[in-house]
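Asks: I'd like to ask you about the structure that follows.
All of the numbers you see were taken from the coordinates with simple rules; none came from a lab. Not measured: the values here are computed from a predicted model. Every residue, glycine among them, receives a Cβ derived from its backbone with ideal geometry; neighbour counts consider all protein chains shown.
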Amino acid sequence: MFSPENQPLEYHADKLIKKFIGKPVEPGSTERMTEADHEAGMNWLEEHFTFVLPENPTVDGLIDIGRSLVRRLGIRGLIIDPWNEVAVRDKAKTAIVREMAPVWTPRHECLDKVSKFSC
């Protein structure tokens, strides 16, 4: 997952764990996540997500990272969020989004276009 707007990573991890566990981490009046809940959430997060944060992200650079992660870890998808943080040259961003829109291809069990690296 490439998500530069959700930094530091601990902040992003807590947001994802909160969605998985269904309880907030921060103090408040409703039921809160216990340490055991948070640990279970961290285990789930480590099992299902890998975070990448290249210094100068480009579409090609992120796809290269994705290819590497397919070989090393067997990832099955690549989340680029937000798209506007990726360096785009010589094209309108909307045209690139339209061209790169993911399409599920069950035969290869991968996403076509953006995550073509996994085919």
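Asks: Long-range amide H contacts for THR58: which residues qualify at under 5 Å (H placed 1.01 Å from N, peptide plane, sequence gap of 5 or more or a different chain)?
Replies: The answer is ALA87.
Asks: Using amide H atoms built in the peptide plane, which far-off residues or other-chain residues are under 5 Å from VAL52 H to H?
Replies: PHE2, SER3
Asks: I need the peptides 22-34, 67-79 ranked by packing, meaning the mean over residues of other C-beta atoms within 10 angstrom, with the highest value on top.
Replies: 67-79, 22-34
Asks: Something else about it: Tell me, in nm to one decimal, what length is gained between GLN7 and ARG76 on full extension, where the rule is 0.36 nm per residue of separation less the Cα-Cα distance?
Replies: Here the segment from GLN7 to ARG76 would lengthen by 22.5 nm.
Asks: Quick check: residue separation of GLU55 and ALA36 times 0.36 nm, minus the Cα distance between them. What number comes out in nm?
Replies: Taking 0.36 nm per residue and subtracting the Cα distance, the gain is 3.4 nm.
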